[in-house]
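Notes follow the structure.
The values are calculated or read from the model by the stated rules, or taken from the named source; none is laboratory data. Predicted, not measured: the structure shown is a model, and the values here were computed from it. Protein only, heavy atoms only, side chains kept; ligands, DNA and RNA dropped before computing areas. Shrake-Rupley method; radii C 1.70, N 1.55, O 1.52, S 1.80 Å.
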Amino acid sequence: MEPLALSINDTAKALGVGRSSVYALIKSGGLDAIKIGRRTLLTTESVRRIAQSRSLA
């Protein structure tokens, strides 16, 4: 089964960017973040969406 959400570090690795870039994408609304306790997770759907939009640019 595919994960529904990824950590900040896993998202940065998947997109090939740094952690600060991931936080900037969250702040701009490009990535959908879920807070569970102290953890911030990002939906795999939003990670795919941003990856596809960046590859088309």
Mean accessible surface per residue for the chain, computed with a 1.4 Å probe while every protein chain stays in place, in Å²:
73 Å²
Percentage relative contact order, the chain, counting C-alpha pairs under 8 Å, at least six apart
37 percent
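Considering only protein heavy atoms and a 1.4 Å probe, what is the carbon-and-sulfur percentage of the accessible area of the chain?
55 percent
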Principal axis lengths of the chain from Cα atoms, whole Å, largest first?
35, 28, 18
